[in-house]
1. Which is within 16 Å of the ligand (Cβ to nearest atom), modelled with pLDDT of 95 or more and either assigned to a helix (DSSP H, G or I) or open to solvent by less than 10 Å² (accessible area, probe 1.4 Å) (or both), of Gln133, Gln119?
2. Give segment 18-57 a look and list any residue that's within 12 Å of the ligand (Cβ to nearest atom) and outside any helix (DSSP H, G or I), or say none.
3. Picking from Asp4, Asp38, Asp31, which residue would you name as being modelled with pLDDT under 95, among the acidic types (Asp, Glu) and within 24 Å of Gly82 (Cα to Cα)?
4. When you look at Ser322, is it open to solvent by 80 Å² or more (accessible area, probe 1.4 Å), touching a helix residue (DSSP H, G or I) at 6+ places or on another chain (Cβ under 8 Å) and among the hydroxyl-bearing types (Ser, Thr, Tyr), yes or no?
5. Here is a list of conditions, (1) in contact (Cβ under 8 Å) with a residue 24 or more places away in the chain; (2) in a helix (DSSP H, G or I); (3) more than 15 Å from the chain's Cα centre (by Cα), and Phe271 meets all of them except one; can you say which number that is?
6. So Met411 passes all but one of these: (1) in a helix (DSSP H, G or I); (2) under 25 Å from Ile157 (Cα atoms); (3) open to solvent by less than 60 Å² (accessible area, probe 1.4 Å); (4) of a type in the set (A, V, I, L, M). Which condition number does it fail?
7. Checking Ser195 against (1) at pLDDT 95 or above; (2) open to solvent by 40 Å² or more (accessible area, probe 1.4 Å), which single condition isn't satisfied?
8. Going through Ala390, Ala397, Ala365, Ala401 one at a time, which residue ends up being modelled with pLDDT of 95 or more and surrounded by fewer than 15 Cβ atoms within 10 Å (Cβ to Cβ)?
Amino acid sequence: MSADRYQLWGGCFEEEPSAVLRRLNDSLSVDSRLYREDIRGSQCWARELHRSGLLSHEDHQAIQEGLAKVEKEIEEELTKHGCLNDPEEDIHSAVERRLHAHAGDAALRLHTARSRNDQSATDTRLWMMASMQRLHSSLLELITVLVKRAQKEIDIIAPGYTHLQRAQPIRWSHFLLSHTWPLHDDVARLEEQRSRLSRSPLGSGAIAGCAFPIDRARLAKDLGFEDITPNSMFAVSSRDHIVEFLNWASLCSLHLSRLAEDLIIYSSQEFSFVRFSDQFSTGSSLMPQKRNPDGLELVRGAAGLMLGVSMAFSCVLKGLPSTYNKDLQSDKELLFRSYDKLQDCLKVVTGSIDTMEVNADKALAALEPGMLATDLAHALVRSGVPFRRAHHLVGAALRRAAALHLDLRTMPYCEYVAICPEFGTEEELRAVFSWEASVEQYTSAGGTSRAAVQKQLDDLAIWIKQNQTVSCTTKKKI
Ligand code: ARG
């Protein structure tokens, strides 16, 4: 064992590892973030060793008391310095050395039948379970803000775009909810992962399992897992739950990025549908008039970074031989990076939307009569004209209006009748030119009429309530 640091291995080595290998190999700066999970795993492991007769009452007590002290001192050091300065290579070694300082030689028995392979896999899964809970809450907050706004702003009518060209009038709330449903699905996907993740690898050892009478199921329950991993080789090698999470996170960030992009466009002077609060805007060092949506631009960019992270980790795994290989150590660095970025993005999007102003007049002013061309075709269909013919007739009306330097609304009634008598009476024709009447036609489930939007709002309100209770009960379990 090295003189200057506590090493969990080295008995058969004559020389120290080179400084450069140590630099590449050491992971404490990353995995110190798992200290709570590592200590919790050790507390439960020690209890199990004691139950199996492998740890005396005194040693068990010394270890439990020692671990509590280690947890407290690490917490204090991290609060004060932001990092641990232990010379050890990883959090598992650092905790054991510190435990030895408090509990004496009892600490030397803690690692009985355990490997850092199952230990690190267990710590990471525990951390992920708690972190997914936090993401669940952040997503729920964002969804709640979107639903609250959508409920309040149901009267606002705005242009809806396809290909970024004016398409049809829609309720502004319908637009907000179109971004809410993908987030709702993200919550469902998060929950699905959790049950696969919630399996304890502890007791799998380095590869072959545990040679001592450890009750893995009881241990798993103590740690808050739903089940145990079914194969020790699979347990120490699988990082599928991390791949799944990183892919999930990049899909979720893609949803945020699309929402961010829409809002960035809507905040430009050309649109001015929304104005972000000072809290969520930034200025220019040169141009005093600027209010830039940097927060949402960073959210948009983060989607690319997160997709890169998820791709990077899959590339690390590709072609690895079975079970544990040190390549796997990069899992935590990428996992933390993705998690931190996503949490920040969720909070920035939530804050930006919660505090932005919506300019209903600007949204209304951006509507133009051409956006009612589809409704005009629908009016013809209602008087018996086949849709394909109606489409062409309205196309002809648009052409005629353009030739007269008019639009569909200002073109005289006689011009319509000249194109086709089925345009009906002047009164019937004029009734088409109402934004409110236009959106109110779309009563199909999931459409943009008031009733159809209200139905979405009601469904989401119920779902939010159910999920808040679910997240409270799960939180208690963890
Ligand atoms: N720091 C390592 C990791 O996170 C711990 C496992 C080390 N195991 C080993 N056999 N070297 O992957």
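1. Sole residue among the options that is within 16 Å of the ligand (Cβ to nearest atom), modelled with pLDDT of 95 or more and either assigned to a helix (DSSP H, G or I) or open to solvent by less than 10 Å² (accessible area, probe 1.4 Å) (or both): Gln119.
2. Across segment 18-57, the qualifying residues are Asp26, Ser27.
3. From the options Asp4, Asp38, Asp31, the qualifying one is Asp4.
4. Taking the combined requirement at face value, the residue satisfies it.
5. With respect to (1) in contact (Cβ under 8 Å) with a residue 24 or more places away in the chain; (2) in a helix (DSSP H, G or I); (3) more than 15 Å from the chain's Cα centre (by Cα), Phe271 is out only on (2).
6. (1)
7. If we test Ser195 against (1) at pLDDT 95 or above; (2) open to solvent by 40 Å² or more (accessible area, probe 1.4 Å), just (1) comes out false.
8. Ala365
The values are calculated or read from the model by the stated rules, or taken from the named source; none is laboratory data. Computed from a predicted structure; not experimentally measured. Virtual Cβ from ideal backbone geometry, glycine too; neighbours counted across all protein chains shown. Keep in mind that these areas ignore ligands, DNA and RNA; they rest on the heavy atoms of the full protein, side chains included. Shrake-Rupley method; radii C 1.70, N 1.55, O 1.52, S 1.80 Å.
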